[in-house]
Amino acid sequence: MKKFKGIRWTAMLCLVLVISMLTACSAGNTSSTSNSQQEGGESSQAAKNVKLTFFNTSAEVNTVFEDLFKKYHELNPNVTIELIPTPIGGAQIQKFQSLLASGNPATIANLDAGTILQYKDKFLDLEPEKAKYEELTKEGAVEGALLEGKFLGIPWSAQGYGLLYNKRVVEEVIGGPFDPSTIQTRDALEDLFKKIEAAGKAPVMVHGADWSLGAHYLGLTYSLQSESVDENRKFVDSLMDGSVTLADNPQFNGLIDTFDLLKKYNARKNDPLVADYNKDSADFAKGDAAFYFMGDWTWAVIGTLENRDEEFGLIPVPISNNPEDFGNTQVAYSQPKLFAIDDSGSSAEQQEAAKAFLEWLVTSQEGQEAIVSQMGLALPYKDVKVTSTNVISNAVEQYVDQGKVINIGVINYLPQDYWSMTGASMQKYLSDIIDRNALAGEVQAYWIDQARK
């Protein structure tokens, strides 16, 4: 009996030792898992439920984005996206800066490319995603989105601008179908303007806001120097160091010669600085002016109007009387906003969820429907499943598909205030307060001042 008892106690002791070892191993594994979760910033349960924030500078379509976030959450219940709205036309960058300063940056930011470049160290390098987006997008879309060679923002919209035309008005004047390719010189444009004026119509609408005059019109000066963005950047550098004189530049003078023509036939010439965007767009859409210097984004106004005309098109702004000169047959084209992903305060789980959402946004039926149909924007993607109702952006796409575009990517490298400062000078020129020499002098002085900062 004693021998049996000894064996029994020995067996029990061994069992206790085995259980203790197993418990220790289990505890060790639990500790390891816990440490791993802490290092990752989230528990395994939290990793299944990711919250993203979305900073939006396209304030006019805030509600469209919010509806998309709800739809995505229905499809992916583990991902919640919260909108950080910004006001239309003001204090957007200040709000973005305050989020960075507070250590609570948005996971995704819809920003101008120039702003992303300015804060490039705060955003995730999307180089691993580049090949995928090169395959998904039209030729040149990813290249146009690169900032100092880095893929920091995903392209999602494309916009073009030039001289919009109201097809009904133009064709009534000329008495037949209008072929936009017949206007490839300044003289051809003026001949058409004369016919329109003789018919009792205003030939063109010039919107007097500083952003239209400074960024879109005068800004063409920096993009028309070369088809290369890098060469155009060198031109701006030359303006800064004074080695190039703007007053002697052929592209600048060509643009201003054409601007003089637009001034002469401007529907708003008696009060050129009223700059009522909604009214200018509506009057053009209803036939009060045959042409309108503006971009396809104006469809957000035009498309909602009642009793408007239906057919509109686009021609380039001719800058000379030589059809072969760069710009006379090309329209300005850019990807003004990019989606960037935060790399200063977002977790790896948030970054991966953000990548998945953005890919869904630009490739899914739901996302494309929102961007193309509701926002009225063009997608620079090959497989767009939605037919656009924006006839102006459709006209832009015809130039894009033919490769007849002016890459205005140089503006991504310009100071944030270039358009407002030089736009103010353009406003003075539009109002005949200063002459061409004074305009050139003020614009050049702006650039030389930038070199001193």
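The values are calculated or read from the model by the stated rules, or taken from the named source; none is laboratory data. This structure is a prediction, so every number in the text was calculated from the model and none was measured. Surface accessibility is based on the protein's heavy atoms, side chains included, excluding ligands, DNA and RNA. Shrake-Rupley method; radii C 1.70, N 1.55, O 1.52, S 1.80 Å.
Values computed for the structure shown
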quantity: Long-range amide H partners of Leu218 with built H, under 5 Å; calculated: none
quantity: Percent RCO, i.e. relative contact order, over region 205-364, from Cα pairs under 8 Å lying at least 6 residues apart; calculated: 23
quantity: Sum of -39500 (n - 2.57) over DSSP H runs of 4+, divided by residues of the chain (222 nm, nearest 500); calculated: -14500 deg cm²/dmol
quantity: Residues of type aspartates and glutamates that Lys70 reaches as a straight line, Cα spacing below 12 Å, ignoring anything fewer than 8 places off in the same chain; calculated: Glu82, Glu366
quantity: Folded to 0 to 90 degrees: helix 348-363 orientation relative to the chain principal axis, Cα; calculated: 40
quantity: Evaluated at q = 0.26 Å⁻¹: base-10 log I(q)/I(0), Debye formula over Cα of region 322-392; calculated: -1.16
quantity: Between 0 and 90°, nearest 10: helix 127-136 axis offset from the chain longest Cα axis; calculated: 60
quantity: Amide H within-cut-off set for Phe151, under 5 Å, with H built and near neighbours excluded; calculated: Leu126, Glu127
quantity: Computed over region 338-446: relative contact order in percent, which uses C-alpha pairs under 8 Å that are six or more apart; calculated: 12
quantity: Values of log10 I(q)/I(0), in the order q = 0.14, 0.15, 0.17, 0.18 Å⁻¹, for region 118-275 under a Debye, Cα-only, solvent-free model; calculated: -0.95, -1.02, -1.13, -1.18
quantity: Whole-percent carbon and sulfur share, accessible surface of the chain, 1.4 Å; calculated: 51
quantity: Glu311 long-range amide H proximity, modeled H, under 5 Å; calculated: Lys167, Arg168
quantity: Relative contact order (%) - criterion: Cα under 8 Å, at least six apart; region: the chain; calculated: 25
quantity: Heavy-atom accessible area per residue - the chain, 1.4 Å, Å²; calculated: 46
quantity: Tilt relative to the chain, helix 436-452 - C-alpha long axis, 0 to 90 degrees, to 10; calculated: 20
quantity: Among beta bridges that DSSP assigns inside the chain, antiparallel share in %, nearest 5; calculated: 60
quantity: Among the listed pairs Lys138/Lys337; Lys130/Lys234; Lys51/Lys385; Lys138/Lys385, those beyond 25 Å (Cα-Cα); calculated: Lys130/Lys234; Lys51/Lys385
quantity: Distant alpha-carbon pairs in the chain (separation over 42 angstrom), percent; calculated: 26
quantity: Aspartates and glutamates whose Cα lies under 15 Å from that of Lys286, excluding same-chain neighbours fewer than 8 positions away; calculated: Glu171, Glu172, Glu306, Asp309, Glu310, Glu311
